[in-house]
Amino acid sequence: PNAVSEGEAFSATVEVLSTIGGEALVELSDEESVLAVRRVNLDPGLNLFTFRVESGEPGLRRLTARVELAGDATSENDSTVNAVVVEGPDSVLIVEGSEEGAEILAAALESGGLVVEKVTVDLLGSIQELSIHQAVILVDVPARELSGEQVATLDTFVRDLGRGLIVVAGTHSFGQGAYRDTPLEALLPLDSEPPEAEREVEVAEVLLIDTSESMGACHCKDDGTTTEEGGVNKTDISKAAAIRAIEALGVHDEVGVLAFSGSSSWVIPLQEFPDRETIDQGIGSLRPFGETRIVPALEEAASALRDSDKQLKHIILFTDGFTEELPQGDGFSGVGSFGPSLIEAVEALADEGITVSVVGTGEGAIPSLELVAEAGLGRFYPGRDLDEIPEIFVREARLAARSFINEGEFFPIVTGTTEAVRDLASSPALLGYIGTAAKPTANVQLRVGELGDPLLASWRVGLGKATAWTSDSGERWAAGWASWDGFAAFWSNVVKDTFPLTGSEGERLEARLSDELLTITLEGAEAWAPGTVADARVSYPDGTSEEVRLERASDFELTTTLAARQGGTYAVGVNVDTGDGSPLILSAIATRTFAAEFLPGDPDRELMESISVASGGRGEITASQAFDAEGLDEGVTERTFRWLFLLIAALLWPVDVALRRLRLSRRERRDQRGQSSASQPTPTTPSA
């Protein structure tokens, strides 16, 4: 079965499809131990073996079936893994963007009767692992930390399985977390960068560019211990990036470019939009040389910004992180020892309103550079693709000119009617939130701030529901809410509002793989009413999805069958409309660990014959006939390589001339030095 209740025993049936007969071993195991082993006699064709299994604790119970048979030539299809969801109390998964950043929220949900599991972003697992939860909560998670596969899994979880997604803000989310135009933003009811002109403020910005020797064509290997010469010159990249960032700012913004290595130098002093000649001359003077000292340059940039009267003051630091001022990350030995001065300097600047973002070069002390950006209340860009760095500079320059973080004292305004806010007559003040914009079809339940920004919003995504909260989880901005009596009830209602829509007890959805087919069956506790419509969304292992309608097989059963040749997990969500206004959403998972090409079966002789005819072949032959003369045309085919060799010679000729001239020039210089020495008069010793 796809799901069982806690403490319930169930039957697991192993289907063994064999092309030969004989004595075999069939083994059933879970992730911890072997549950049963049977010695059986297989018959050619389909063999069924049923095992009795105790469900155990709530969660995902993975079972592995394995068969061993003498004479079996294909091992790829000797085992398969499937899973059963052991149902218990409703559970949610919290994904933390920062360590212990959701302790308060987790405690509130647990007090509301939910089972809570917390993981870091790197442990956000497969669709099978997520399927045991009713909802996933992302707490202050930057978009860059989620892989494409993880976001695709979340999309399947919400859109196809009908589950809930809640995104809780913080200083690394929405506009601050580079959500714009990402698949994650597409799932959410909010645009992460509000378009209102009122948010555009004048900014004073310093581009702090590392021009040390390592910023030339010197690139660190993955282990960080050695460097390689050659490839892209990182200083050339910084030149293009600086020019594009300056062009992205407004005419009344101030910008300066401060180059640093062992010392620092203003190649473009901080000023309102400089002219093109000033930009070209300043940026063109950047050359890689010397060591890396960030702190003195940071202080010099801050000193210039303090004299500015602009509303926002920002520094973009571009470096590879090869400096003794930084702690070195895992797998990178680095140089020198950890000195906290840089982190402390950045924190001090953030306290006085000067923020610092960091653009890395995809190497060096990346974990430490991210710490610098966090301390500076800015954004971090790893810069793993150097070709993208100019565009990153443009994006960061534009973001810096927007007031995404709003801090002060704000009281929410109720604008919706969901259970979470219906009785919200009063609440403590919020001390901050991230500015966003509601999408046209979003349901905004709470607004906040002078511009009426969305605070709590949700919408339907496929079969599921996504919700966004633009303040934090109670660690900083919502600290007053965390001590409020209604905090646990509020958050429990917000999360439960995203849970799948359920009907009466007894409905059961089953997704079953057999041969090359996926069979979806929906069973009702009572006969389905006339006119009942059940639409299934099927997500395939390759990430594609399909919608299909279930057909009535009996009064109690609706079903459909689809082709299923891929190996992997199939996620199925079914939306049932019985016509009485109470929709029902059920979900199921089916898994096959090998592709259908490994299923036993007869060869498709008709297909192979058609291929042979189309290509002028001889039809079915034995292996020994592959290279015999029968049926093959005899003859000799000539191939000429003269033009290839002429092309190679033409390409190598100028290289040969250049090398000869280089050796000749060196010889001439030696001869000239020898002649010069010979022409000097020999000193004589004066006579007495």
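The values are calculated or read from the model by the stated rules, or taken from the named source; none is laboratory data. Keep in mind it's a predicted model, so treat the numbers as computed, not measured. Positions of Cβ are backbone-derived with ideal geometry, glycine not excepted, and every protein chain shown enters the neighbour counts. Just so you know, the surface numbers come from the protein's heavy atoms only, side chains and all, with ligands and any DNA or RNA stripped out. Shrake-Rupley method; radii C 1.70, N 1.55, O 1.52, S 1.80 Å.
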Answer with yes or no whether Ala536 is more than 30 Å from Glu620 (Cβ to Cβ), open to solvent by less than 40 Å² (accessible area, probe 1.4 Å) and modelled with pLDDT of 85 or more. yes
Within the stretch 440-472, take every residue that is more than 15 Å from Phe410 (Cβ to Cβ) and under 22 Å from the mean Cα position of the chain (by Cα) and give me the one that is surrounded by the most Cβ atoms within 10 Å (Cβ to Cβ). Ala468
Among the residues of the stretch 274-328, the number that are under 22 Å from Ala375 (Cβ atoms), open to solvent by 60 Å² or more (accessible area, probe 1.4 Å) and among the acidic types (Asp, Glu) is 3
(1) open to solvent by less than 10 Å² (accessible area, probe 1.4 Å); (2) outside any strand (DSSP E or B); (3) touching a residue at least 40 places away in the same chain (Cβ under 8 Å) all hold for Glu193 apart from (1)
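Let's see how each residue does on (1) part of a loop (DSSP other than H, G, I, E, B); (2) under 17 Å from Leu138 (Cβ atoms):
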{"residue": "Gln445", "(1), (2)": "no, no"}
{"residue": "Ala466", "(1), (2)": "no, yes"}
{"residue": "Trp477", "(1), (2)": "yes, yes"}
{"residue": "Phe490", "(1), (2)": "no, no"}
{"residue": "Glu510", "(1), (2)": "no, no"}
Selection from the stretch 134-144 of residues more than 17 Å from the chain's Cα centre (by Cα) and either surrounded by 24 or more Cβ atoms within 10 Å (Cβ to Cβ) or of a type in the set (Lys, Arg) (or both) yields Ala135
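Residues checked against (1) out of contact with any Phe, Trp or Tyr (no Cβ under 7 Å at 6 or more places or on another chain); (2) in a strand (DSSP E or B); (3) in contact (Cβ under 8 Å) with a residue 40 or more places away in the chain; (4) not β-branched (Val, Ile, Thr):
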| residue | (1), (2), (3), (4) |
| --- | --- |
| Leu17 | yes, yes, yes, yes |
| Val26 | no, yes, yes, no |
| Arg52 | yes, yes, yes, yes |
| Thr74 | no, no, yes, no |
| Asn82 | yes, yes, yes, yes |
Just give me the residues in the stretch 110-133 being part of a helix (DSSP H, G or I), open to solvent by 50 Å² or more (accessible area, probe 1.4 Å) and either under 19 Å from Glu475 (Cβ atoms) or touching a residue at least 60 places away in the same chain (Cβ under 8 Å) (or both), in sequence order. Glu110, Ser111, Glu129
So, of the residues in the stretch 588-597 that are surrounded by 15 or more Cβ atoms within 10 Å (Cβ to Cβ) and not basic (Lys, Arg), which turns out to be nearest to Phe499 (Cα to Cα)? Ala588
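Within the stretch 492-508, how many residues are part of a loop (DSSP other than H, G, I, E, B) and either of a type in the set (Ser, Thr, Tyr) or open to solvent by 40 Å² or more (accessible area, probe 1.4 Å) (or both)? Explain how you work it out, then say what you get.
Here is the first cut: in the stretch 492-508, the residues part of a loop (DSSP other than H, G, I, E, B) are 497-507.
Okay, now just the ones that are also either of a type in the set (Ser, Thr, Tyr) or open to solvent by 40 Å² or more (accessible area, probe 1.4 Å) (or both), so 497-498, 501-507.
Total meeting the criteria: 9.
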Would you check if there is a residue in the stretch 33-55 being under 33 Å from the mean Cα position of the chain (by Cα) and closer than 29 Å to His133 by Cβ? no
Subset of the stretch 257-273 (residues that are open to solvent by 70 Å² or more (accessible area, probe 1.4 Å) and assigned to a loop (DSSP other than H, G, I, E, B)): Ser263, Phe273
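Just to be sure, is Arg39 in a strand (DSSP E or B), out of contact with any Phe, Trp or Tyr (no Cβ under 8 Å at 6 or more places or on another chain) and either polar (S, T, N, Q) or open to solvent by 80 Å² or more (accessible area, probe 1.4 Å) (or both)?
When the stated conditions are applied, Arg39 passes them.
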Matching residues, the stretch 274-298, being assigned to a helix (DSSP H, G or I) and farther than 21 Å from Ala348 by Cβ: Arg276, Glu277, Thr278, Ile279, Asp280, Gln281, Gly282, Ile283, Gly284
Out of everything in the stretch 50-81 that is of a type in the set (Val, Ile, Thr) and in contact with a Ser or Thr (Cβ under 8 Å, 6 or more places away or on another chain), what residue ends up being farthest from Leu513 (Cα to Cα)? Val53
Counting only residues that are modelled with pLDDT under 90, open to solvent by 60 Å² or more (accessible area, probe 1.4 Å) and among the hydrophobic types (A, V, I, L, M, F, W, C), the stretch 554-587 contains a total of 1
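Counting only residues that are in contact (Cβ under 8 Å) with a residue 24 or more places away in the chain and among the acidic types (Asp, Glu), which one in the stretch 145-161 is least open to solvent (accessible area, probe 1.4 Å)? I'd like the intermediate steps shown before the answer.
In the first step, residues of the stretch 145-161 are kept if they are in contact (Cβ under 8 Å) with a residue 24 or more places away in the chain; the result is 145-146, 148, 150-161.
Pick out the ones that are also among the acidic types (Asp, Glu) and you get 145, 155, 160.
Details: Glu145: 64, Asp155: 44, Asp160: 4 Å².
Applying the filter and picking the extreme gives Asp160.
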Take the stretch 308-325 and flag every residue that is part of a loop (DSSP other than H, G, I, E, B) and either in contact (Cβ under 8 Å) with a residue 12 or more places away in the chain or in contact with a His (Cβ under 7 Å, 6 or more places away or on another chain) (or both). Ser308, Lys310, Gln311, Thr319, Asp320, Gly321, Phe322, Thr323, Glu324, Glu325
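Results for (1) among the hydrophobic types (A, V, I, L, M, F, W, C); (2) more than 22 Å from Val167 (Cβ to Cβ), shown as yes or no for each residue.
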site: Ala488; (1), (2): yes, no
site: Val494; (1), (2): yes, no
site: Thr498; (1), (2): no, no
site: Arg508; (1), (2): no, yes
site: Leu513; (1), (2): yes, yes
site: Gly524; (1), (2): no, yes
site: Ala527; (1), (2): yes, yes
site: Ala536; (1), (2): yes, yes
Residue under question is Arg61, and the condition is that it be under 30 Å from Ile166 (Cα atoms), in a strand (DSSP E or B), in contact with a strand residue (DSSP E or B) (Cβ under 9 Å, 6 or more places away or on another chain) and open to solvent by 30 Å² or more (accessible area, probe 1.4 Å); does it hold? yes
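This table checks each residue for (1) closer than 14 Å to Ile127 by Cα; (2) of a type in the set (Asp, Glu); (3) out of contact with any Ser or Thr (no Cβ under 8 Å at 6 or more places or on another chain).
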{"site": "Asp542", "(1), (2), (3)": "yes, yes, yes"}
{"site": "Asp555", "(1), (2), (3)": "no, yes, yes"}
{"site": "Leu558", "(1), (2), (3)": "no, no, no"}
{"site": "Arg565", "(1), (2), (3)": "no, no, yes"}
{"site": "Asn575", "(1), (2), (3)": "no, no, yes"}
{"site": "Ala590", "(1), (2), (3)": "yes, no, no"}
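Looking at Trp484, is it part of a loop (DSSP other than H, G, I, E, B), closer than 23 Å to Val92 by Cβ and open to solvent by 30 Å² or more (accessible area, probe 1.4 Å)?
Numbers: part of a loop (DSSP other than H, G, I, E, B): yes; closer than 23 Å to Val92 by Cβ: yes; open to solvent by 30 Å² or more (accessible area, probe 1.4 Å): yes.
When the stated conditions are applied, Trp484 passes them.
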Conditions (1) touching a Lys or Arg at 6+ places or on another chain (Cβ under 7 Å); (2) modelled with pLDDT under 95; (3) part of a strand (DSSP E or B); (4) not acidic (Asp, Glu): number failed by Ile94: (2)
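Using the structure shown, decide if Ile94 is touching a residue at least 60 places away in the same chain (Cβ under 8 Å), within 16 Å of Ala488 (Cβ to Cβ) and crowded, with 18+ Cβ neighbours inside 10 Å.
Values: touching a residue at least 60 places away in the same chain (Cβ under 8 Å): no; within 16 Å of Ala488 (Cβ to Cβ): yes; crowded, with 18+ Cβ neighbours inside 10 Å: yes.
So Ile94 does not fit the description; no.
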Those residues that are at pLDDT 80 or above, within 26 Å of Pro44 (Cα to Cα), open to solvent by less than 90 Å² (accessible area, probe 1.4 Å) and touching an Asp or Glu at 6+ places or on another chain (Cβ under 9 Å), I need them from the stretch 598-623; list them, please. Phe598
What about Ala106, is it open to solvent by 50 Å² or more (accessible area, probe 1.4 Å) and over 27 Å from Thr569 (Cα atoms)? no
